[in-house]
1. Kindly state, to the nearest 0.05, the FRET efficiency for Ala62 paired with Asp96, given R0 = 35 Å and r defined as their beta-carbon distance.
2. Work out how much length Ile70 to Lys324 would gain on full extension: take 0.36 nm times their residue separation and subtract the Cα-Cα distance, in nm to one decimal.
3. Using only C-alpha positions, report the orientation-averaged shadow area of the convex hull of the chain, nm², one decimal.
4. Can you give me the Cα centroid spacing of segment 47-80 and segment 254-310 in angstrom?
5. Packing-wise, with mean Cβ within 10 Å as the measure, how do 36-47, 286-297, 73-84 rank, highest first?
6. Report, largest value first, the span of the C-alpha coordinates of segment 148-221 along each principal axis, in whole Å.
7. Which of Val39, Ala49, Ala283 sits farthest toward the positive end of the charge dipole of the chain, with +1 on the Cβ of Lys and Arg and -1 on the Cβ of Asp and Glu?
8. If you line up the long axis of helix 166-192 against the longest principal axis of the chain, both from Cα atoms, how many degrees apart are they, to the nearest 10?
Amino acid sequence: MRIPGLMILLPLLVLHGPAKALDMKDYDALNRAAVDGHVLPRYDALAAATAKLEQTAKAFCAAPAADRRIESLQQAYHDAADAWQDIQHVRFGPVDLFFRSQRFAFWPDPRNTIGKQMSELLAKHAGGSLNADTLGRGSVAVQGLPAMERMAFGDDAKKLQTGPDAAFRCGYVTAIAENMAVMARETRQEWREPGIGFAAQMLKPGQGADPRYRDAQEATLELFKSLYTAIELAADHKLARPLGASIDDARPRLAESWRSERSLRNIQRNLAAAADLYATAFAPKVPDKSLDAAIRASFAQAQASAAALPMPLEHAVQDIAARKAAEKLAADTLALKAVVMQRLPEALQIPVGFNALDGD
């Protein structure tokens, strides 16, 4: 795919004079703003949304089959998916333990591992039962939001109401929701635990015999990786994979959430989350205000392009008229990625080495 104008913003990013040297107090302030103003509220929201999804799934399945309204379950899924997309970019800390991140959302899935393993699970357990604890100790591919999406949308949604294995399917949906609620609650608690939680470790680096972060600058690098990850996921995976090199090469079913037609919504949430993290934590410490303005403008452009897409991404990549808007979104997101990666670490004196972004 040709991405015209990829570097269009870069000529604007000229530093005027020597950059102000940041000290550890600056990094401390940046980290605290990020943790208190961005990370913790979003894990609170994830815990609340997954708890609501669990309640909704249980109420849905407790109702007689004829009275089950799939729309309530679908809305609760969307709310939980929104909350996950808002914090998906933070891949360090408690969510990195016990494969929680992959268990929340195993994606991309190029070999359809989810579909194969879910089919095996449904065939093996039909007529039986499945609880959240058993599910949580199993394969990451049959847990989380992608599995819930498959069960709650399309033809499978009808099977939650009718059919010989409706009871087991409903139990499976409830187990998925309960397992996510447990993970979200544990992740939130492990961040917030007074004195020893992950927030304390990040905001008080260098303490103890084996500190997770040696100093505040090292913790800032971790946060920068999260900022970059949100943009990279949108640009290199959520857009590039379904878009393909041309309309003939488009692969709409490689979009992240094509069954629920929320793949574009995911990207919009990711970009909004990255913009919030930048504005909340990073922007106040950028010495060159022209650079700050250019980064903010790049965020605004990418978000405007995402808002302008006239139809779901799954359809736009194969639509002659709408594809141009999808390609513009891809170009603007790549430009944003380039600006953030090429200029922000230098401005904030963040030591992004060759392998600094490995694993994200």
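The values are calculated or read from the model by the stated rules, or taken from the named source; none is laboratory data. These numbers come from a predicted model, not from an experiment. With ideal geometry, Cβ positions are generated from the backbone for all residues, glycine too; neighbour counts draw on all protein chains shown. Accessible surface areas use protein heavy atoms only, side chains included; no ligands, DNA or RNA. Shrake-Rupley method; radii C 1.70, N 1.55, O 1.52, S 1.80 Å.
1. Numbers: r = 35 Å, r/R0 = 0.99.
Result of the calculation: an efficiency of 0.50.
2. Working: separation 254, 0.36 × 254 = 91.44 nm, distance 3.45 nm.
Net length gain for the segment: 88.0 nm.
3. Numbers: hull surface 75.7 nm².
Its average projected convex-hull area is 18.9 nm².
4. 30 Å
5. Numbers: 36-47: 19.8, 286-297: 17.3, 73-84: 21.5.
Those peptides, ordered most packed to least, come out 73-84, 36-47, 286-297.
6. Principal-axis extents of segment 148-221 (Cα, largest first): 58, 22, 16 Å.
7. Ala49
8. On a 0 to 90 degree scale, this one is about 30.
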